[in-house]
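A quick write-up on the structure given underneath.
The values are calculated or read from the model by the stated rules, or taken from the named source; none is laboratory data. Only a predicted model underlies this, so the values are computations on that prediction, with no experimental measurement involved. Counting neighbours? That spans all protein chains shown, and the Cβs are built from the backbone with ideal geometry, glycine included. Areas reflect the complete protein model, heavy atoms only, side chains present, ligands, DNA and RNA absent. Shrake-Rupley method; radii C 1.70, N 1.55, O 1.52, S 1.80 Å.
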Amino acid sequence: MECPHLSSSVCIALDSAKFPNGSPSSWCCSVCRSNKSPWVCLTCSSVHCGRYVNGHAKKHYEDAQVPLTNHKKSEKQDKAQHTVCMDCSSYSTYCYRCDDFVVNDTKLGLVQKVREHLQNLENSAFTADRHRKRKLLENTSLNSKLLKVNGSTTAICATGLRNLGNTCFMNAILQSLSNIEQFCCYFKELPAVELRNGKTAGRRTYHTRSQGDNNVSLVEEFRKTLCALWQGSQTAFSPESLFYVVWKIMPNFRGYQQQDAHEFMRYLLDHLHLELQGGFNGVSRSALLQENSTLSASNKCCINGASTVVTAIFGGILQNEVNCLICGTESRKFDPFLDLSLDIPSQFRNKRSKNQENGPVCSLRDCLRSFTDLEELDETELYMCHKCKKKQKSTKKFWIQKLPKVLCLHLKRFHWTAYLRNKVDTYVEFPLRGLDMKCYLLEPENSGPESCLYDLAAVVVHHGSGVGSGHYTAYATHEGRWFHFNDSTVTLTEEDTVLKAKAYILFYVERQAKAGSDKL
């Protein structure tokens, strides 16, 4: 939202002596001393807790609005309204008079200057803490020390992603994709592009829609974000530039409401695919693909145009068979896919936990079988038979004609009732290694004995009851160890913890020649 009150409210002095000590994300409310959700007033630099704690930031604004006895305000009141504040964790800006988050800035860029100052304070605190932890671990065996804590210690070299206001859905997908090695490495090896000119050239700035920057590149900001992860130079990275581009080219994700992680992933992959088709930094898409010899022509799957790394990695092909039950006419159609959306079979939907004893546990194999089994279409899905010349009852069956290099499986946990979109909270058992997809292939005899095995690379989990609420986190494996990514917090975890997760999206990577014997 474009806020008209910034010029009269943002007059904060960037003096570290006026701020509390420590990292801004852990500052305490000056009233209740709570360090949960600190907000700083951009008029007077006082720190209070947000509306979801005790609401002292809002009370600070309300107390500053002195009722006017005359028809005109004093000069002092005009210049200092205390209406705008900033979240000390996500650096998002909020105006209480507009009752909405702010995306614009003052003519002098004061909001951005405050944001950069808080980021510097946060990074300094993180750096000091990191040096302290590294010094503590210098005299111990790092691997054994981390593995013993069972997920309670922040993982060295792992970088989290700061939440910019309900952006956990984006963070979980980005962390998952960053741990799919072939896909991530392709973008990290692309040449950098300087998108901004003049005074801001070479400097990362916080973009806003009011700046009128039309020269944006999703590929470039995605590349920058991936490069910032796993460097070990910082504990958390703030992907605000990528978030701005998402707002710019994907209007569905504008604002700070909770969004569906699967929907975001599909939009992200589709837009990356489209942008790569148009070339990147003067280099044609085909030339970029040829740089990676592993993405051979046989691995490409064309979706909406020519092949790119997106379709080369995630692209597969389904065969859709429909048979008319009246005349027996068979219709076949090939459909490319980037992921498979699987229903959780209805007989398992009342099971909410793995330990309940009311029947068998639902497995990923049950969901895949439900997806590929022969199904009779109901009255609302009558098939137009070209031989009968009218809609007839029919059956439908899916086969996988071509498997992708990375198999993305989306469990359909959200479904519509008459008025609400409810969540299916059923636990679904899934394997970490050896997911065998051979029995779902159209021509399994043409596949090698180990060419259809997949190992898990990442899992996205939705915590909560509804798609518009709750929280997203991700588990992913990196160099043989599993990590839990919870926005800016990254912890080492055990395989057993991953297996207990109620998966929403699963990323399986095709196993290479040295395969084991584990199967689903």
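Condition test on TYR94, is it of a type in the set (Phe, Trp, Tyr), modelled with pLDDT under 85 and within 25 Å of the chain's Cα centre (by Cα)? Answer is no for this residue. Do we find a residue being at pLDDT 90 or above, in contact with a Phe, Trp or Tyr (Cβ under 9 Å, 6 or more places away or on another chain) and part of a loop (DSSP other than H, G, I, E, B) anywhere in region 270-281? No, region 270-281 contains no residue that is at pLDDT 90 or above, in contact with a Phe, Trp or Tyr (Cβ under 9 Å, 6 or more places away or on another chain) and part of a loop (DSSP other than H, G, I, E, B). With a requirement of 3 or more residues that are small (Gly, Ala, Ser) and more than 24 Å from the chain's Cα centre (by Cα), none of the strands (runs of 3 or more DSSP E) lying completely within region 374-435 satisfies it. Go through region 1-45 and give me each residue that's open to solvent by less than 20 Å² (accessible area, probe 1.4 Å), of a type in the set (Gly, Ala, Ser) and assigned to a helix (DSSP H, G or I). Correct list: SER9 only. Looking only at region 469-492, residues that are of a type outside the set (D, E, K, R), more than 17 Å from THR235 (Cα to Cα) and not in a strand (DSSP E or B) come to 3 in all. Can you find a residue in region 237-252 that is modelled with pLDDT under 85 and open to solvent by less than 20 Å² (accessible area, probe 1.4 Å)? Checked against the condition, which is being modelled with pLDDT under 85 and open to solvent by less than 20 Å² (accessible area, probe 1.4 Å), region 237-252 yields no hits at all. Remark: pairs (first residue in region 247-261, of a type in the set (Asp, Glu); second residue in a loop (DSSP other than H, G, I, E, B); Cβ separation under 7 Å; 6+ apart in sequence or on different chains) = ASP260/VAL467.
In region 48-57, the residue that is surrounded by the most Cβ atoms within 10 Å (Cβ to Cβ) out of those that are within 16 Å of THR83 (Cα to Cα) and under 30 Å from the mean Cα position of the chain (by Cα) is ALA57. Pairs linking a residue in region 367-382 that is closer than 14 Å to ILE400 by Cα to a residue that is of a type in the set (Val, Ile, Thr), with Cβ atoms under 9 Å and 6 or more positions apart or on different chains, are SER370/ILE344; THR372/ILE400; LEU374/THR395. Looking across region 399-427 at every residue that is β-branched (Val, Ile, Thr) and at pLDDT below 95, the one that is nearest to THR372 (Cα to Cα) is identified as ILE400. Scanning region 323-348 for residues that are touching a residue at least 12 places away in the same chain (Cβ under 8 Å), open to solvent by 60 Å² or more (accessible area, probe 1.4 Å) and acidic (Asp, Glu) yields one hit, ASP343.
Residues checked against (1) at pLDDT 85 or above; (2) within 19 Å of SER238 (Cβ to Cβ):
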residue: VAL114; (1), (2): yes, yes
residue: ASN120; (1), (2): no, yes
residue: ARG130; (1), (2): no, yes
residue: LYS135; (1), (2): no, no
residue: ASN143; (1), (2): no, no
residue: THR154; (1), (2): no, yes
residue: PHE169; (1), (2): yes, yes
